[in-house]
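My questions will all concern the structure given below.
The values are calculated or read from the model by the stated rules, or taken from the named source; none is laboratory data. The model shown is predicted, which means the values in this text are computed figures rather than measured ones. Don't worry about glycine lacking a Cβ; one is built from the backbone with ideal geometry, like all the others, and counts go over all protein chains shown.
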Amino acid sequence: MKNRMKLSVHGAAVRVAAATGLWVSASLVACSGSEDPLIAPAPSGASGASGASAAAGTGGVATAGSAAAGAGGSIGGSAGATAGAGGTGKCPGNQLTQPDGTCACPAYAPTFCEAVPKCVSEMKDPDNCGMCGKACGETSACSAGLCAPELQTLGELAGCGTLLLVATPTKLYALSTMTGDLNAIALPAGGAPTKVGTVAGGTAFTVDATSAYVAAGMTIKRVALAGGEPATMVTETAAIKDVALSGTTLYYATGTNVKSIAVTASNGTPAAVGVALGASNGEPQGLAVSGGVVLYGSASAFNVERCDTTMSCRDGEGTDVEERGPGHAKIGQSQGGLIFGHRSLQTDGTRVFWINNGLQGAPIMPDADNEYPGKGIATPIDGGTITAFALFGTNAYFTEQKTGSMPPLVSFEKSAFEAADSVRVARNLPQVTSIVADAAGVYLASGCKILKSAL
């Protein structure tokens, strides 16, 4: 039976387009060259026959009778810029030598800013946005020649460690992984956070109309949104990695299992029910639910799997078989770039979305061939790591951490589903750990601040 979509780690499309402007310094004096492709320097010009003019190398044409290395012996190419002292013939900035010996800017950065001096893209360069020398704000990105508005700060929580977010129509809930505090912020206006309760060691949570359900170590705590002491719902023998709600049923991932329990349970009464197992000894560590379909990302096996709870998903328990019963299927396998935990899998009711280098998506129900054809949904601009994402309508919103940057340099980007290019909205953000979106905007947990962006 065909029922699996295989996307290799290296199969996720990573477009680092030559036209893309990467991270640059906010300084106008010396823009970073990180948006430039590596260009090997052209060899210096060789002297010709006695009495003949010498070649100018990479920077213009030498005047008659001058030596290739003679002072001031070269004439600059485009933009009227000289080739520089010493007559080395090098084009100024990052211009390229043309066949006729002149200098010109590359297509990915077509405008030469003499004050820098450097070739830039006025459409994307935040230090030269729309015109040479026009710098955007410290965290504002340049898109289509315009500086994006700075993100609005909705609230800030001191000493948070990291923040995890869940949104309801009227409240944004933020869980601090350091203090264990669960706070509420009014939407859409924002303002001072209001403490709901504290759950030490919380690592993931979800909410319904009356309560929050927080995974903390080997327990799940229920916290009344109106306030009060947390109550223990579940105690397990392995860490609980994620939780998800469907109606009055709470699903959670622990060990190699996905289990379910009524939201009214009190310390395991009634007892939790095993729903699904990770195939190939995988460990479910990210959950999403749509109706009766439970979706989970599985560590160790690096799968994205599903369980139709109207059928058995646990046949072959205790063996290393891939098929777990008629209700089980692998949607994606060999997903080496999976991230796990709170909101690492999301669904719009039709598709499931996850990170495997870029943002991936696949239907949660099989097609006519009993397969789950997946495809790339969005690609980070610089080919870095997506750290968090959210969906609204047919748009994806995500943050990208530039590979190898210390401290982490994070940009906030958006993309229509399956669009050729993403758009940068903000840059130079502290680490972003969670994103949610609704009709009023997109909310990011960045450091200990909660930021808001327009959709």
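When you scan the stretch 94-104, how many residues do you find that are among the polar types (S, T, N, Q), in a loop (DSSP other than H, G, I, E, B), surrounded by 17 or more Cβ atoms within 10 Å (Cβ to Cβ) and without any contact (Cβ under 8 Å) to a residue 60 or more places away in the chain?
2
Next question, about the same structure. How many of the residues in the stretch 111-144 are of a type in the set (G, A, S), in a loop (DSSP other than H, G, I, E, B) and under 23 Å from the mean Cα position of the chain (by Cα)?
Here the count works out to 3.
Please determine, by comparing only the residues of the stretch 425-455 that are farther than 23 Å from G341 by Cβ and of a type in the set (A, V, I, L, M, F, W, C), which one is surrounded by the most Cβ atoms within 10 Å (Cβ to Cβ).
If we take residues in the stretch 425-455 being farther than 23 Å from G341 by Cβ and of a type in the set (A, V, I, L, M, F, W, C), then A426 is surrounded by the most Cβ atoms within 10 Å (Cβ to Cβ).
Any idea how many residues of the stretch 147-168 are within 20 Å of T387 (Cα to Cα) and part of a loop (DSSP other than H, G, I, E, B)?
So the count comes out to 4.
Considering A288, A301, A329, A276, which residue is of a type outside the set (S, T, N, Q), in a loop (DSSP other than H, G, I, E, B), surrounded by 19 or more Cβ atoms within 10 Å (Cβ to Cβ) and modelled with pLDDT of 90 or more?
Sole residue among the options that is of a type outside the set (S, T, N, Q), in a loop (DSSP other than H, G, I, E, B), surrounded by 19 or more Cβ atoms within 10 Å (Cβ to Cβ) and modelled with pLDDT of 90 or more: A301.
Could you tell me whether G278 is of a type outside the set (F, W, Y) and within 30 Å of the chain's Cα centre (by Cα)?
yes
Only one of these is modelled with pLDDT of 95 or more and under 13 Å from S434 (Cβ atoms): T203, T162, T198. Name it. Lay out the reasoning, then the answer.
Numbers: T162 fails: modelled with pLDDT of 95 or more; T198 fails: under 13 Å from S434 (Cβ atoms).
Residue meeting the stated conditions: T203.
Scan the stretch 194-209 for residues that are outside any strand (DSSP E or B) and farther than 20 Å from A272 by Cα and jot them down.
If the condition is that a residue be outside any strand (DSSP E or B) and farther than 20 Å from A272 by Cα, then V199, A200, G201, A209 are the ones that fit.
Next up: I'm told A271 meets every condition in (1) touching a residue at least 12 places away in the same chain (Cβ under 8 Å); (2) in a loop (DSSP other than H, G, I, E, B) except one. Can you identify the failing condition by its number?
(1)
Now for a separate question. Identify all residues within the stretch 348-362 that are part of a loop (DSSP other than H, G, I, E, B) and over 14 Å from the mean Cα position of the chain (by Cα); write none if there are none.
We begin by selecting, within the stretch 348-362, every residue part of a loop (DSSP other than H, G, I, E, B); these are 348-350, 357.
If the condition is that a residue be part of a loop (DSSP other than H, G, I, E, B) and over 14 Å from the mean Cα position of the chain (by Cα), then D348, G349, T350 are the ones that fit.
Filter the stretch 105-130 down to residues that are among the aliphatic types (A, V, I, L, M), in contact with a Cys (Cβ under 8 Å, 6 or more places away or on another chain) and modelled with pLDDT of 90 or more, then give me how many there are.
3
Would you confirm, using the coordinates I've provided, whether A378 is within 22 Å of N183 (Cβ to Cβ) and out of contact with any His (no Cβ under 9 Å at 6 or more places or on another chain)?
no
Given the residues A167, A107, A135, A115, which is the only one that is surrounded by fewer than 15 Cβ atoms within 10 Å (Cβ to Cβ) and closer than 26 Å to V423 by Cβ?
Just a single option satisfies the conditions, and that option is A107.
Among the residues of the stretch 205-232, which ones are in contact with a strand residue (DSSP E or B) (Cβ under 8 Å, 6 or more places away or on another chain), of a type in the set (A, V, I, L, M, F, W, C) and within 23 Å of V293 (Cα to Cα)? Give the derivation first.
Narrowing the stretch 205-232 to residues in contact with a strand residue (DSSP E or B) (Cβ under 8 Å, 6 or more places away or on another chain): 205-208, 210-225, 227-232.
Checking which are of a type in the set (A, V, I, L, M, F, W, C) leaves us with 205, 207, 212, 214-216, 218, 220, 223-225, 231.
The answer is F205, V207, A212, V214, A215, I220.
Where in the stretch 363-438 are the strands (runs of 3 or more DSSP E), entirely inside, with at least 1 residues that are farther than 28 Å from D127 by Cβ and either polar (S, T, N, Q) or over 11 Å from the mean Cα position of the chain (by Cα) (or both)?
Answer list for the stretch 363-438: 375-378, 385-392, 432-438.
Another question, then. So, in the stretch 210-254, how many residues would count as being part of a strand (DSSP E or B) and either at positive phi or of a type in the set (D, E) (or both)? Quick ask: steps written out before the conclusion?
So the first thing to find is which residues in the stretch 210-254 are part of a strand (DSSP E or B), and the list is 211-216, 219-224, 231-235, 240-246, 249-254.
This time we only want the ones that are either at positive phi or of a type in the set (D, E) (or both), so: 242.
The number of residues fulfilling the criteria is 1.
If I ask for residues that are among the hydroxyl-bearing types (S, T, Y), within 19 Å of the chain's Cα centre (by Cα) and either modelled with pLDDT under 95 or under 17 Å from T433 (Cβ atoms) (or both), which ones from the stretch 332-347 would you list?
Within the stretch 332-347, just S344 meets the criteria.
Being modelled with pLDDT under 95, small (G, A, S) and within 29 Å of R314 (Cα to Cα) is true for just one of G228, G217, G268. Which residue is that? Walk me through it before giving the result.
Numbers: G228 fails: within 29 Å of R314 (Cα to Cα); G217 fails: modelled with pLDDT under 95.
Among G228, G217, G268, only G268 is modelled with pLDDT under 95, small (G, A, S) and within 29 Å of R314 (Cα to Cα).
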